[in-house]
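K.L.:
Below are the structure tokens for one structure; questions will follow.
The values are calculated or read from the model by the stated rules, or taken from the named source; none is laboratory data. Predicted model, so just to flag it, every value in this text is computed and none were measured. Cβ: placed from backbone, ideal geometry, glycine included. Neighbour counts: every protein chain shown.
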């Protein structure tokens with residue numbers, strides 16, 4: 001047989017085999033559950049019968065069962081470990097009174113006990129071994145009693161707040177088995193669920209004065225009549241603030257539903273109950289309910305209308321709602337603002353009615369993208385949260401076209417002050433993911449939920465994917481887009497869907513090539529970025545500045561009115577686009593920002609005049625959000641005072657916003673009245689993100705400054721810093737940097753010694769920095785080598801934070817500095833025990849009130865807690881050789897921190913010395929603090945004689961204060977935000 005024929009046959013064989021393995025099937029699980037609520041001890045006691053129907057082509061010897069209440073059993077579960085990442089010292093899962101679990105399990109079939117065991121890694125999963133292999137088409141009934149300790153409602157989704165109950169993920173539940181195998185998964189907050197469809201018959205026994213909302217249809221006529229009567233009472237006519245005791249008598253409520261994959265219920269004795277209905281296009285009525293507390297009744301007063309509108313819009317756009325009831329419940333919830341279950345949703349705390357409507361609508365919408373079209377939310381969260389958020393965005397912009405961020409804040413004055421009264425709801429979603437996207441910390445949309453950073457899970461899965469799907473809708477048009485989703489719904493309703501099902505629906509619904517969407521936007525972090533270059537007659541030249549050939553919208557505008565618009569399919573390079581009109585004074589790419597484009601500042605072009613591509617310049621106080629219809633120059637009145645310069649008023653001009661720009665400037669001109677000198681600083685920063693390289697980002701920062709000094713001298717400095725940020729090869733908890741920093745500055749010794757031939761020094765620093773930015777074990781380590789004409793110094797620095805308890809942290813700072821050769825001639829450059837003060841800040845990196853006083857007067861007691869870290873300035877605390885120091889501080893309270901500093905070093909006399917200092921730090925750590933030393937010693941190891949320096953001889957000169965102006969820059973906070 002010829003080789004190519006053999007290969008072809010092998011390919012055909014394995015192709016057929018693979019196809020057979022991937023053929024769709026869907027298991028079925030039908031439940032009968034009896035459960036009793038003990039509201040005194042917060043337990044559930046129940047029994048579940050599961051009929052498991054094997055529709056797969058495989059024989060099954062066991063079934064994985066989720067025991068999700070066990071997620072609340074300790075900090076060692078997957079949920080516990082997840083929560084410790086963001087709240088490292090939480091003890092809520094360690095205390096018996098707040099944690100939860102499921103026990104009393106005894107799996108049987110036909111009265112025969114089944115062997116079972118816990119998952120080797122997860123106590124909230126178990127494997128039940130079947131008595132005989134379950135053949136294709138066969139079924140088995142499995143029974144077990146169970147008891148659930150209901151955890152505190154502040155942990156996640158299952159829980160109680162006193163006698164308000166949110167009973168979710170509460171019963172033993174088989175994992176999904178499909179064409180890709182078993183999908184057993186532990187319970188997590190970030191990343192939701194995947195379950196088998198079937199039917200539920202659930203019997204809930206509670207004290208008879210409880211008001212219960214649940215998945216499905218209520219069958220108790222007396223209970224239905226009672227709820228109907230409650231729904232006729234206006235919430236304003238009821239005062240349910242006081243909690244009534246539980247009734248001694250109980251009632252058993254029967255709920256059932258078919259074609260669902262989960263069941264949740266909620267109970268409280270003091271719910272307000274409201275009832276309404278909505279009629280769909282097929283003539284079917286859906287009864288809608290809301291259950292809410294007296295505390296929030298004003299916010300919830302019209303909540304049934306929100307449920308109605310959500311059902312109406314989602315049904316119109318995607319397919320009609322198939323169940324008889326839909327309910328929204330206020331309840332204890334910390335895992336997000338709301339959580340969806342089939343036919344019912346629970347909503348946490350919200351600030352106003354508009355936010356409540358948004359959350360209710362979003363969670364009701366999950367009935368489509370989670371309930372009817374049941375994707376694997378853990379593996380493909382965008383198929384649920386992303387597609388649903390696109391519908392949410394469409395709902396809000398359709399119903400509230402003038403909705404802005406000011407409405408969201410519920411404060412128009414604050415919104416106007418911040419400039420966010422112009423930010424539309426669609427742009428709000430864009431802002432949510434732009435923070436990380438602009439910093440080049442983006443991640444693809446189609447990742448597994450556990451692969452996202454905590455911030456990116458929300459900003460990408462919800463916000464970015466919503467904007468991408470809405471761009472696709474704008475491109476295809478509402479009619480085509482809706483037709484595709486109706487087909488997707490009709491073909492896959494009550495089934496498990498995968499990305500291929502969604503992509504197939506689009507391929508069958510349009511003949512347009514959508515690879516830019518499904519390959520580039522969903523699977524990579526590639527950006528789309530089109531730029532307008534010039535116009536000529538009815539044509540405009542457009543350049544694709546990005547790596548994705550996505551379609552874009554070009555619009556001709558005359559007197560602010562759109563006169564023509566055209567969707568253009570993507571292309572490489574440049575292309576002339578015919579607008580079909582010459583009636584325009586401006587051309588825009590997407591004038592109203594309805595679609596996605598990475599850099600909107602190149603989407604503007606004037607038809608005539610000078611600087612056609614330059615947006616109008618607008619001066620604005622403070623800062624803003626970088627609106628794309630103008631170039632904003634921000635200004636802030638600024639003044640400072642130093643002893644050499646006196647009072648220095650000025651004004652700061654900058655273009656910085658919370659979002660990283662490729663070019664940023666900060667210019668602060670000032671005038672020193674005391675020295676009759678123009679002073680100030682200027683900074684110009686360049687940011688170069690790299691999409692596909694082991695280097696993530698390149699930063700180039702330049703600085704120039706001039707200030708008054710003593711003896712009619714001036715401080716002058718020019719600096720440039722190159723920093724390379726490397727990608728984290730493991731996960732996104734690590735940051736790696738290489739930097740090279742060049743400084744050209746006035747010699748500090750020439751100023752201090754009043755040299756008439758004042759000159760400049762050149763300093764070159766090269767180093768490597770590593771940061772672990774995880775909440776639990778943060779650290780910052782760097783190694784640096786500094787070269788100048790007078791010395792070469794190697795520095796190693798390490799900072800650690802060890803959490804002892806909540807808000808109780810031990811901070812460790814280690815510093816090692818070594819001169820190569822003889823060391824520097826001047827004391828300003830020596831290694832010193834004390835942190836940097838005015839005269840040892842020889843590169844002028846910090847601002848000092850009285851830089852040149854040293855420690856002779858209290859004015860000069862300002863310092864920066866770096867280097868050796870001591871606060872005491874001892875005559876023996878200098879070295880021209882090596883010095884190692886260790887600094888410890890403990891956060892006793894938010895403002896009180898005891899500290900102890902130790903060091904070993906070679907003194908100027910060439911002996912080896914040990915120094916120790918202890919005291920109290922008061923203030924905002926590392927920003928604004930006062931240091932009170934209580935003990936100090938400095939010992940010569942050779943003679944064991946203690947230094948005679950006494951900190952109490954003139955104690956006030958040893959009280960140090962730190963005012964670290966550099967750390968007060970609000971724009972630097974964005975670099976501290978975890979990604």
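K.L.:
Can you tell me which residue within region 727-757, out of those that are under 30 Å from residue 443 (Cα atoms) and in a strand (DSSP E or B), is modelled with the lowest pLDDT?
P.N.:
Taking the candidates together, the pick is 734.
K.L.:
Identify all residues within region 37-49 that are within 39 Å of the chain's Cα centre (by Cα) and part of a strand (DSSP E or B); write none if there are none.
P.N.:
37, 38, 43, 44, 45, 46, 48
K.L.:
Does region 351-361 hold any residues that are in contact (Cβ under 8 Å) with a residue 40 or more places away in the chain and either touching a strand residue (DSSP E or B) at 6+ places or on another chain (Cβ under 9 Å) or not in a loop (DSSP other than H, G, I, E, B) (or both), and which are they?
P.N.:
Scanning region 351-361 gives 353, 354, 355, 356, 357, 360, 361.
K.L.:
Would you tally the residues in region 552-570 being surrounded by 15 or more Cβ atoms within 10 Å (Cβ to Cβ) and out of contact with any strand residue (DSSP E or B) (no Cβ under 6 Å at 6 or more places or on another chain)?
P.N.:
Number of matching residues: 2.
K.L.:
Looking at residue 630 and the list (1) surrounded by fewer than 19 Cβ atoms within 10 Å (Cβ to Cβ); (2) over 35 Å from the mean Cα position of the chain (by Cα), which single condition is not satisfied?
P.N.:
Condition (2) is where residue 630 drops out.
K.L.:
Could you identify the single residue in 920, 900 that is more than 18 Å from residue 802 (Cα to Cα) and at pLDDT 95 or above?
P.N.:
Exactly one of 920, 900 is more than 18 Å from residue 802 (Cα to Cα) and at pLDDT 95 or above, namely 920.
K.L.:
Would you check which residues across region 579-609 are crowded, with 22+ Cβ neighbours inside 10 Å and on the phi > 0 side of the Ramachandran plot and list them?
P.N.:
Those that are crowded, with 22+ Cβ neighbours inside 10 Å and on the phi > 0 side of the Ramachandran plot: none in region 579-609.
K.L.:
Oh, and also: Return the residues of region 780-814 that are under 30 Å from the mean Cα position of the chain (by Cα) and within 20 Å of residue 724 (Cβ to Cβ); say none if nothing qualifies.
P.N.:
780, 781, 782, 797
K.L.:
Could you grab me the full set of residues in region 516-537 that are surrounded by 15 or more Cβ atoms within 10 Å (Cβ to Cβ) and free of Cβ contacts under 8 Å to residues at least 40 places away in the same chain?
P.N.:
Result: 518, 520.
K.L.:
What number of residues within region 802-825 satisfy the criterion of being assigned to a loop (DSSP other than H, G, I, E, B) and surrounded by fewer than 15 Cβ atoms within 10 Å (Cβ to Cβ)?
P.N.:
Number of matching residues: 6.
K.L.:
I need the full set of residues from region 248-268 which are modelled with pLDDT of 95 or more and more than 35 Å from the chain's Cα centre (by Cα), in order please.
P.N.:
249, 250, 251, 252, 253, 254, 255, 256, 257, 258
K.L.:
Moving on. Kindly evaluate residue 705 against the criterion of being in a strand (DSSP E or B), loosely packed, with under 15 Cβ neighbours inside 10 Å and more than 26 Å from the chain's Cα centre (by Cα).
P.N.:
no
K.L.:
Before we move on, is residue 295 surrounded by fewer than 19 Cβ atoms within 10 Å (Cβ to Cβ) and not in a loop (DSSP other than H, G, I, E, B)?
P.N.:
No.
Condition check ((1) touching a strand residue (DSSP E or B) at 6+ places or on another chain (Cβ under 6 Å); (2) modelled with pLDDT under 95; (3) crowded, with 19+ Cβ neighbours inside 10 Å; (4) in a helix (DSSP H, G or I)) across all residues:
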| position | (1), (2), (3), (4) |
| --- | --- |
| 470 | no, no, yes, yes |
| 480 | no, no, no, yes |
| 496 | yes, no, yes, no |
| 504 | no, no, no, yes |
| 513 | no, no, no, no |
| 543 | yes, no, no, no |
| 550 | no, no, yes, no |
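K.L.:
Return yes or no: is residue 119 under 22 Å from residue 264 (Cα atoms) and in contact with a strand residue (DSSP E or B) (Cβ under 6 Å, 6 or more places away or on another chain)?
P.N.:
Criteria not met by residue 119.
K.L.:
Please indicate, with yes or no, whether at least one residue in region 563-580 is without any contact (Cβ under 8 Å) to a residue 40 or more places away in the chain, in contact with a helix residue (DSSP H, G or I) (Cβ under 8 Å, 6 or more places away or on another chain) and not in a strand (DSSP E or B).
P.N.:
Within region 563-580, none of the residues are without any contact (Cβ under 8 Å) to a residue 40 or more places away in the chain, in contact with a helix residue (DSSP H, G or I) (Cβ under 8 Å, 6 or more places away or on another chain) and not in a strand (DSSP E or B).
K.L.:
Taking the options 446, 456, name whichever one is out of contact with any strand residue (DSSP E or B) (no Cβ under 7 Å at 6 or more places or on another chain), part of a helix (DSSP H, G or I) and surrounded by 19 or more Cβ atoms within 10 Å (Cβ to Cβ).
P.N.:
456
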